[in-house]
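Since the structure comes first, as structure tokens, the remarks are kept for the end.
The values are calculated or read from the model by the stated rules, or taken from the named source; none is laboratory data. What you are looking at is a predicted structure, and each value in this text was computed from that prediction instead of being measured. All Cβ positions, glycine included, derive from the backbone under ideal geometry; neighbour counts span all protein chains shown.
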Amino acid sequence: MLGRFSRTQILFGEDAMERLEKSRVAVFGIGGVGGYTVEALVRSGIGTIDIIDDDKVCLTNINRQIYATTSTIGKYKVDVAEERIRDINPDAVVNKHRMFFTPETSGEFDFTQYDYVVDAIDTVTGKIELAVRAEEANVPIISSMGAGNKIDPTAFEVADIYKTSVCPLARVMRTELRKRGVKGLKVVYSKEKPITPVGDMSISCRKNCVCPPGTARKCTERRQIPGSNAFVPSVVGLIIAGEVIKDLSGLKAIF
């Protein structure tokens, strides 16, 4: 019988689709990278998905984030994401967490309930905590390294964190994870050297903040506001989704 995932089942087979339907994946951060990860996971038949983000859609998100449109500005990303997920697959179970993940809030999550964890957040302390908690729970995790200030979507690779090079964020993560005894972490990273953003204050969020009212963490409070585009974060998100589907479906041999 034809269904919304029939074209995928032609490639993967019924058993793999059943495994995906029974899987629960947590995606921490649903912005430029995480939003596309969620999109691909849901369209691949993942049955239960947790989405974790405290941010609202901003005008400046429209250039790269799948949930950002003129009509969604000012809405919480998890609310927009939930509506889109249910429109794609009404049978999907969506666990929505409108919060900012930090070491202090990590205790609110039981990582043993997840079949896979996706790290698409942009704070080093949060990324380290996710890696530590996932290893403690013996749950597979994949982490996005720096995608900002980069323009080559073909330069991204999947590797263990200890085999990465060039990427400044990966370098910091290697050092901190080694201190904590984390033995490995699957990441998506690029050897492309980051571009220095143009210092044009007429289009800078620091002088022209357009964050929606009630935004908890405004751009003006961030140390750096990176440049971005439509084709780098989306590619990273889709690469991550592909790795998750490969691992959960049991079809590693054909990927």
Among the residues of region 166-179, is any within 30 Å of M17 (Cα to Cα) and either more than 16 Å from the chain's Cα centre (by Cα) or of a type in the set (A, V, I, L, M) (or both)? no
Suppose the filter is within 23 Å of T125 (Cβ to Cβ), surrounded by 14 or more Cβ atoms within 10 Å (Cβ to Cβ) and of a type in the set (D, E); does D55 pass it? yes
Of the residues in region 15-46 that are assigned to a loop (DSSP other than H, G, I, E, B) and not polar (S, T, N, Q), the one that is farthest from A230 (Cα to Cα) is K22
Exercise for the section: Look at V117 and say whether it is in contact with a Leu (Cβ under 8 Å, 6 or more places away or on another chain), outside any loop (DSSP other than H, G, I, E, B), under 25 Å from G47 (Cβ atoms) and among the hydrophobic types (A, V, I, L, M, F, W, C). Expected result: yes
Residues of region 94-121 being over 18 Å from the mean Cα position of the chain (by Cα) and either crowded, with 20+ Cβ neighbours inside 10 Å or touching a residue at least 60 places away in the same chain (Cβ under 8 Å) (or both), in sequence order, are Q113
Log entry, pairs with first residue in region 62-89 being touching a residue at least 60 places away in the same chain (Cβ under 8 Å), second being surrounded by 17 or more Cβ atoms within 10 Å (Cβ to Cβ) and acidic (D, E), beta carbons closer than 6 Å, six or more apart or on different chains, reads I66/E39
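To keep it simple, each residue is scored yes or no on (1) more than 22 Å from F101 (Cβ to Cβ); (2) at pLDDT 75 or above; (3) of a type in the set (K, R).
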| residue | (1), (2), (3) |
| --- | --- |
| T175 | no, yes, no |
| Q224 | no, no, no |
| N229 | yes, yes, no |
| P233 | no, yes, no |
| V244 | no, yes, no |
| L251 | yes, yes, no |
* So G181, is it surrounded by 12 or more Cβ atoms within 10 Å (Cβ to Cβ) and either touching a Phe, Trp or Tyr at 6+ places or on another chain (Cβ under 8 Å) or modelled with pLDDT of 75 or more (or both) -> no
The residue from G126, G148 that alone is among the small types (G, A, S), buried (at least 17 other Cβ atoms within 10 Å of the Cβ) and not in a loop (DSSP other than H, G, I, E, B) is G126
